[in-house]
Structures are given as C-alpha cells and as structure tokens.
Amino acid sequence: MIDSYGRNIDYLRISITDRCNLRCRYCMPEAGVEPLAHTDILRLEEVLSLCESFTALGICKFKITGGEPLVRWNAVPFIKQLKAMPGVEQVTITTNGLELAQALPELQQCGLDGINLSLDTLDAATYRQLTRRDGLAKTLQALEMAIASGIPLKINCVPIKDVNDHELPRIAELAREQVRAVRFIELMPIGLAAQFQGIPADQIRAQLAAAFGPLKEDHTKMGNGPAHYYAIEGWRGKIGFIDALSHCFCQQCNRLRLTADGTLKLCLAHDNGVDLKTPLREGASQAELQ
Ligand code: SAM
Ligand code: SF4
C-alpha cells in the first residue's frame, strides 16, 4: 500500500489487550484502565482473520503490543499462528517482561523475530515508584533469559526528568555487550504523561558522549520504526532515539495500528479510526474488509 504521501505502509501494530500488570505513572492510572467489555475485545481468531486481509494488502510486519500483550490469555499461541501465516514476514513484541520468562521457549521455537523490552530503570525503588509494582527482579531475570534465547532484543527506555535521568548511561551500557540496541523514547506529553517532563534526545546524546565518547550516526537498518541509531566505538549494540517531539518523523511513518476493540488507527495524534469489528462480525468477506 503506497499512501498519498508516497509512504509504503507495510507495518501494523496490534494491541491485543488494553490491560496491564504494571501501572506506569505516565501511562496508566492507579486503578488500571476501565476494562473493555469482554464482547468489545476482538477474539484472537478475529484478529487473525483481519491479519489475512492486512497481508493481502501488503502488510507483512507485525508488532504485538498492549497494554501488556503477554497478560492476554493465549497470546503465545496467537503469536505462533500469526508467525506461520502466509505473507507474514516478521512478528515482534513489545513487553514489560514480567510474563516473558515462561513464554520465551515457545516464542523462540516459533521464530519470533524480535523483542522490545521496556526498562525505564535499573533501580528497584525507582521501578516500584514508577510502575506502582515490585517487578524489577523478574524483569531483569527475563532480560537475562531473553539475551540467552538469541531472539533479537532491544531495550526501550523513556527518560523522565527527576525519575531516571541519572541512570541513562547505566541503561545505555546494556548495548555494550548484551543487547542489539538500547532505545531512548521521548516522552509524549499525552494523557497521564503530561505531568512529567521528558528529556530531549540531544541532551541524552550529550550525556552519553560525555560518559562513553563520541556517538557516531549509524545508518544500518535496525527495524521498521522511526528510531535512528548511533554507534559507540567498541560496543556491539547500538544506541537508538525515537524523538517524536524534537524531530518530526511523520514523513517516514509506515505504520497502522489496530486497537484491542478492533479500531484501525492511522495516527497516534488523531482520535479517529475505522471500526473493523462490526463488519467482521456481520460476516464481511475478506474482499469487503480490505
Ligand atoms: N506494556 C508493554 C511495554 O511496556 O512494553 C507494551 C505497551 S507500552 C504502551 C509500549 C511502550 O510505550 C513502552 O516502552 C512505554 O514505555 C511506551 N510509552 C507509554 N507511554 C508513553 C508516552 N507517553 N510517551 C512515550 N512512550 C510511552
Ligand atoms: Fe503497562 Fe506498558 Fe503502560 Fe507500563 S507502559 S503501564 S507496562 S502498558
């Protein structure tokens, strides 16, 4: 699918649940999100059926996300089925890691193409304060196991002023030997995040350069997203930046989003979307859905 701006749209992020086992203060309220009614959430077979339409339209790369994707019952069999679907070239997940350890053997076996593990802090107290849960040890255990699994692994970290800003070099250092990339995501000041202050990518680059030496721009293709990467001499992994605020990347955006209730969204900055659940449940054919 080439859109009217000439962008090749081949990437879909699928949220398979709106629920989560953490309550990161910039993302979820303490009480969690108002749960969608059971009937409002797409069944995973329905998601697979929509994916057949998407692949027919040229979407070949899928990111499974949430909420926390691994809290959805049968998330792993779903990922396996998607991975085996004709036309699907790549399936990756984004996870907070709490349920990852037990899922890893099957994810590895089905050929999962990548894991993005969210890790905003390496300090247990900061983790507890930020996520309102006690989970750092479990996440770090999953990190170790994910490294050992050989599945390409990237760390996502959202730098926040007065929360984890002093830890960024330590987190970045995971890319020295262990992971393919550590990516710093600029905090988008939407919803609950508006009460926090993110840190511009330029500032983080300067902080890392002071700690580790020059960061050299690296144009190796590392994924499907808008991250841009830097190399540090002697490091195996790269440092990435997803800086939606300080550098607009709309012109490179190649993604669609499917929400857990079956709405197709084109842009995070807009609320509008297309309801796919209703036609799907009313028996629309693949051609009609497309
Ligand atoms: N629960 C999973 C996780 O945390 O990896 C998947 C969903 S979570 C919404 C995906 C990523 O979005 C996480 O890395 C999280 O830190 C990031 N995120 C959430 N709210 C954000 C915001 N306001 N600005 C930037 N990134 C955000
Ligand atoms: Fe859950 Fe991910 Fe949001 Fe944290 S960022 S509350 S782990 S969905």
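Side notes on the structure shown:
- Contacts under 7 angstrom Cβ, first residue in region 57-73 being within 10 Å of Val91 (Cβ to Cβ), partner within 16 Å of ligand 2 (Cβ to nearest atom) and among the charged types (D, E, K, R), 6 or more apart: Lys63/Arg13
- Among the residues of region 30-79, those identified as closer than 16 Å to Glu99 by Cβ, within 16 Å of ligand 2 (Cβ to nearest atom) and open to solvent by 40 Å² or more (accessible area, probe 1.4 Å) are Val71, Arg72.
- Some residue of region 166-179 being among the β-branched types (Val, Ile, Thr), crowded, with 18+ Cβ neighbours inside 10 Å and within 15 Å of ligand 2 (Cβ to nearest atom): no
- For region 24-46, taking the residues that are touching a residue at least 12 places away in the same chain (Cβ under 8 Å) and either of a type in the set (Asp, Glu) or not in a loop (DSSP other than H, G, I, E, B) (or both), the one that is nearest to Arg72 (Cα to Cα) is identified as Leu44.
- Filtering region 156-188 to residues that are without any contact (Cβ under 8 Å) to a residue 40 or more places away in the chain and near ligand 1 (Cβ under 9 Å from one of its atoms) leaves only Cys157.
- Residues being away from ligand 2 (no atom under 16 Å from the Cβ), among the aliphatic types (A, V, I, L, M) and open to solvent by 30 Å² or more (accessible area, probe 1.4 Å) are entirely absent from region 186-203.
- Of all residue pairs spaced 6 or more apart or on separate chains, those with beta-carbon atoms under 7 Å, a first member in region 1-23 that is under 12 Å from Gly58 (Cβ atoms) and more than 10 Å from ligand 1 (Cβ to nearest atom) and a second member that is among the aliphatic types (A, V, I, L, M) and outside any loop (DSSP other than H, G, I, E, B) are Asn8/Ile2; Ile9/Leu256; Leu12/Leu256; Leu12/Leu258.
- Per-region count, region 220-231, residues surrounded by fewer than 19 Cβ atoms within 10 Å (Cβ to Cβ) and either at pLDDT 90 or above or closer than 18 Å to Pro200 by Cα (or both): 1
- Counted residues, region 9-48 - those being under 29 Å from Asn224 (Cα atoms) and either among the charged types (D, E, K, R) or at pLDDT below 90 (or both): 10
- Region 165-273 holds helices (runs of 4 or more DSSP H) entirely within its bounds, and those carrying 2 or more residues that are among the small types (Gly, Ala, Ser) and more than 30 Å from Pro35 (Cα to Cα) map to 201-212.
- Residues located in region 48-68, provided they are away from ligand 1 (no atom under 16 Å from the Cβ) and either among the β-branched types (Val, Ile, Thr) or outside any helix (DSSP H, G or I) (or both): Thr55, Leu57, Gly58, Ile59, Cys60, Lys61
The values are calculated or read from the model by the stated rules, or taken from the named source; none is laboratory data. All of these numbers come straight from a predicted model, not from anything done at the bench. All Cβ positions, even for glycine, are placed from backbone atoms using ideal geometry, and neighbour counts span all protein chains on display. For accessibility, only protein heavy atoms count, side chains too; no ligands or nucleic acids. Shrake-Rupley method; radii C 1.70, N 1.55, O 1.52, S 1.80 Å.
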